[in-house]
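Worksheet: the structure to be examined is printed underneath.
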Amino acid sequence: MATPLEFPCPISPDDGGVVLLGHGGGGLLSQRLLEQLILPALGSAGGVLLDAATLPAEAGELAFSTDGHVVRPLEFPGGDIGSMAVIGTVNDLAMVGAMPLALSLGLILEEGLPLDTLRRVLRSAAAAARRCGVSIVTGDTKVVERGKADGLFMTSAGVGRIPAGVAIGPTSIRPGDAILVSGDLGRHGVAILAAREELGFSSSLESDLAPLHASIQALLAAGLELHALRDLTRGGLAAALHELCRDAGLGALVQEPLVPIHGAVAAACELLGLDPLTMASEGRFVLMLPAAQAQEALRLLSREQPSAAIIGRIGGEAVRLETSLGVCRPLELGRGELLPRIC
């Protein structure tokens, strides 16, 4: 019989030479996998990582992004895998200031998936595309054996146009920049967890799944100088701040009492021993811009989400969290993926 030490731990700092669930969590193991294996193997090591690549074109810069979606259950409070595939890719384009032009959608279907489920998911994807003002113009379908795909996996890719003069990315971050979030954090993660009956708790929360490009365009139209953006998916706020600050070569200080967390999210995280700052959202982003513009940005963001907040500033050499008692500690990355397949 195997001893407990022979089982791979999803938060182990040593991967043992195999892929672990933690490699998909958006935290420390995800960063190691990307930086030490995937990027070097593809000849892309050393570059700044964005939610979407920027491509020069005759009519101005284009943005290009791709994503995979493996959520369980396929349909959850506030959305499903179809709407998430569309909106997630639109949001990745929005994080470099782009408006979506066209999307692709790939389906990996498991034998035995009910056709009614597939029909609902595809109708939801089409409705999400209409909501975002974008067309699904190409795609692909594959079928695998029963038990090989958890019902349905989806992939999506998108192309968008970046307005002239817009250059959003971590290299634009400056010391003293304000840090804002566009709304309260972690609703998507908690909604998914509550929908899994085996976890034994319920919640009335719905996923925060929502397109973000309109909010970004409103900030740009107001003439605000957006230095960096990141949507808060896998790894949550903690992962986003670490990624942006690493590429900027700067630190950050976040005021924990200012971070908006819904009471139900806080309660669920406490029950399950999770950190709400590492929980995934699907309709929230973090923003860095000059401190003098922070209040105007907050005013515009609050039109969509009253829970939007200014939570800190850029500065120092590390990403830190200041508690309500005035104690500073490192804002730690999630170290594993104890609850997989949430996006």
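If you average 1/r over all unlike Cα pairs in the range 141-192 and invert the result, what Kirkwood radius do you get in angstrom?
Numbers: mean 1/r = 0.0596 Å⁻¹.
With all distinct Cα pairs of the range 141-192 included, I get 16.8 Å.
Do any GluC sites (Glu not before Pro) in the range 109-205 lie in a DSSP loop with no more than 14 other beta carbon atoms within 10 Å, and if so, which?
When the GluC sites (Glu not before Pro) of the range 109-205 are filtered for loop state and at most 14 Cβ neighbours within 10 Å, GLU111, GLU145 remain.
With the Cα gyration tensor of the range 248-343 giving a ≥ b ≥ c as the square roots of its eigenvalues, does the rule (a/c under 1.5 for rounded; else a/b larger than b/c for prolate; else oblate) give rounded, prolate or oblate?
oblate
Please give the per residue accessible area of the range 96-194, computed with a probe of 1.4 Å over protein heavy atoms only, in Å².
44
For the chain, go through all pairs of different Cα atoms, get the mean of 1/r, take its inverse, and jot down that Kirkwood value in Å.
Averaging 1/r across every pair of different Cα atoms and inverting gives 20.7 Å.
For the range 192-265, what Kirkwood radius comes out of the mean inverse Cα-Cα distance, in Å?
Result for the range 192-265 stands at 15.5 Å.
Using only Cα atoms, figure out Rg for the range 110-172 and give it as a multiple of 2.2 N^0.38 Å. Could the numbers behind the result be given before it?
Values: Rg = 16.9 Å, N = 63, 2.2 N^0.38 = 10.6 Å.
Normalised by 2.2 N^0.38 Å, the Cα Rg of the range 110-172 equals 1.59.
Exactly which GluC sites (Glu not before Pro) in the range 260-342 are in a DSSP loop and have at most 12 other Cβ atoms within 10 Å?
Loop-located and lightly packed - GLU317.
With springs only between Cα atoms under 10 Å apart, run a GNM on the chain and tell me which of LEU33, LEU287, LEU271 wobbles the most.
Comparing LEU33, LEU287, LEU271 in the GNM, the peak value goes to LEU271.
If the only charges are +1 at each Lys and Arg Cβ and -1 at each Asp and Glu Cβ, what is the size of the charge dipole of the chain around the Cα centre, to the nearest 20 debye?
Charge dipole, the chain, about its Cα centre: 520 debye, nearest 20.
At a temperature of 25 °C and a viscosity of 0.890 mPa s, determine how fast the range 237-295 diffuses translationally according to Stokes-Einstein, using the Kirkwood radius over alpha-carbon pairs as Rh; express D in µm²/s, rounded to the nearest whole number.
So the translational diffusion coefficient is about 185 µm²/s.
With unit charges on the beta carbons (Lys and Arg positive, Asp and Glu negative) and the dipole taken about the Cα centre of the chain, which residue among ALA252, VAL144, GLY283 sits farthest to the positive side?
The residue sitting most towards the positive pole is GLY283.
Please give the per residue accessible area of the range 239-330, computed with a probe of 1.4 Å over protein heavy atoms only, in Å².
Details: 4100 Å² over 92 residues.
That works out to 45 Å² per residue.
Could you sort the peptides 247-257, 184-194 by per-residue average Cβ neighbour count (10 Å cutoff), highest mean leading? Intermediate results must be reported in sequence, preceding the final value.
Values: 247-257: 17.9, 184-194: 26.5.
Output ranking for 247-257, 184-194: 184-194, 247-257.
Given Cα positions, please report Rg to Rh for the range 106-228, the hydrodynamic radius being the Kirkwood one.
When Rh is taken as the Kirkwood radius, the ratio is 1.05.
Suppose only helical runs count, i.e. DSSP H with n ≥ 4. What mean residue ellipticity at 222 nm does that imply for the chain under -39500 (n - 2.57) per run, divided by all residues and rounded to the nearest 500 deg cm²/dmol? Provide the component values of the computation, followed by the final result.
Details: 8 runs with 90 residues, N = 343.
The helix-only estimate for the chain comes to -8000 deg cm²/dmol at 222 nm.
Just in the range 279-343: which trypsin sites (Lys or Arg not before Pro) are loop by DSSP and have at most 10 other Cβ atoms within 10 Å?
Values: sites: ARG284, ARG299, ARG303, ARG313, ARG320, ARG335, ARG341; in loops: ARG284, ARG335, ARG341.
Hits after loop and neighbour filter: nothing returned.
Using a probe of 1.4 angstrom, how much of the accessible area of the chain is carbon and sulfur, in percent?
Of all accessible area on the chain, carbon and sulfur atoms account for 56 percent.
The values are calculated or read from the model by the stated rules, or taken from the named source; none is laboratory data. Everything numeric here is computed off the predicted structure, so don't read it as measured data. As a convention, Cβ positions derive from the backbone with ideal geometry for all residues, glycine included, and neighbour counts pool all protein chains shown. These area figures cover heavy atoms from the full protein model, side chains too; ligands, DNA and RNA do not enter into them. Shrake-Rupley method; radii C 1.70, N 1.55, O 1.52, S 1.80 Å.
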